[in-house]
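The values are calculated or read from the model by the stated rules, or taken from the named source; none is laboratory data. Just so it is clear, the model here is predicted, and its values are computed rather than measured. Virtual Cβ from ideal backbone geometry, glycine too; neighbours counted across all protein chains shown. What goes into the accessible areas is simple: the full protein's heavy atoms, side chains included, and nothing from ligands, DNA or RNA. Shrake-Rupley method; radii C 1.70, N 1.55, O 1.52, S 1.80 Å.
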Amino acid sequence: MTDPSFLTWLSLGFVLGLRHALDSDHVAAVSTVMAERPSLKGSGLIGFSWGVGHTLILLLVGLIVLWFRVPVPDVLAQAAEGAVGVMLVVLGSLLGVKIWKERWHVHQHHHDGTGHVHLHSHAVLVDHGHPHWWRESVRPLCIGMAHGLAGSAALLLLVASSARNVLDGLIYIALFGCGSIAGMMLIGLVLSLPMVWSARVGRPVFLAVQGLASLGSVSLGFSIVYRILVGAQVS
């Protein structure tokens with residue numbers, strides 16, 4: 001008979017996975033991806049791909065940690081977290097460059113002696129109607145893998161201290177990963193709503209939403225890198 005406390009422990013893993021998806025760095029990274037091509041259907045694919053990449057890395061590192069009974073080195077954990085910060089800066093910057101390349105400018109027209117001014121871009125944001133799911137999945141998959149490596153130290157410390165054996169530990173990590181996949185798919189759907197709405201309202205509103213996603217990602221990335229550098233100097 002399965003130990004009830006063991007089932008409770010596994011259930012906790014799934015719930016913690018749901019909660020883990022809400023971390024600010026996860027939300028910021030995924031929002032930059034969705035801001036480039038907002039879609040309710042695509043948001044689920046992005047969240048799923050992120051969760052799969054995140055879970056694969058956790059299982060791989062978890063297998064090594066549980067099998068050899070060695071902790072994740074602090075240096076590696078900090079380096080991975082710093083890499084996530086740099087990645088957020090890069091993702092936000094790339095989105096900012098994309099906004100700039102759309103060449104937003106003001107046009108002035110005269111109709112019946114009256115001047116009209118409006119914001120305009122020559123870039124085309126409309127999807128061509130033939131989505132390539134595997135291309136749209138690669139980037140969030142890699143982002144999820146980076147986040148999985150950065151967040152593995154704390155999770156695997158808990159698993160290694162609580163798991164009865166390697167198999168139990170891997171099951172816990174898998175359920176944690178399933179929770180993070182479900183959580184990120186839900187977050188992706190929620191984040192896509194204002195983006196899809198702004199794209200339908202008009203380009204100026206959509207531009208503002210894209211700009212917020214870019215600025216938020218860059219700011220959070222710099223704060224993570226700064227915190228790590230300051231912590232390294234203090235220690």
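Name the one entry in TRP100, TRP50 that is over 20 Å from GLY169 (Cβ atoms) and either under 15 Å from the mean Cα position of the chain (by Cα) or in a loop (DSSP other than H, G, I, E, B) (or both). Don't jump to the end; show me each part of the working.
Details: TRP100 fails: either under 15 Å from the mean Cα position of the chain (by Cα) or in a loop (DSSP other than H, G, I, E, B) (or both).
Every option except TRP50 fails the conditions.
Residues of segment 148-183 that are open to solvent by 30 Å² or more (accessible area, probe 1.4 Å) and within 14 Å of LEU63 (Cβ to Cβ): LEU149, ALA160, ASN165, VAL166, LEU167, LEU170, ILE171, ALA174.
Conditions tested, residue by residue: (1) buried (at least 16 other Cβ atoms within 10 Å of the Cβ); (2) farther than 15 Å from ILE187 by Cβ.
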{"position": "TRP9", "(1), (2)": "yes, yes"}
{"position": "VAL30", "(1), (2)": "yes, no"}
{"position": "ILE57", "(1), (2)": "yes, yes"}
{"position": "LEU63", "(1), (2)": "no, yes"}
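Entry remark, segment 53-90: residues being under 14 Å from LEU170 (Cβ atoms) and among the small types (Gly, Ala, Ser) number 1 in total.
Within segment 186-225, if we keep just the residues that are open to solvent by 80 Å² or more (accessible area, probe 1.4 Å) and in contact (Cβ under 8 Å) with a residue 12 or more places away in the chain, the residue that is farthest from SER93 (Cα to Cα) turns out to be LEU186. Report yes if GLY96 is closer than 23 Å to PRO204 by Cβ, open to solvent by less than 50 Å² (accessible area, probe 1.4 Å), in contact with a Ser or Thr (Cβ under 7 Å, 6 or more places away or on another chain) and at pLDDT 95 or above, otherwise no. Judged against the criteria, GLY96 is not a match.
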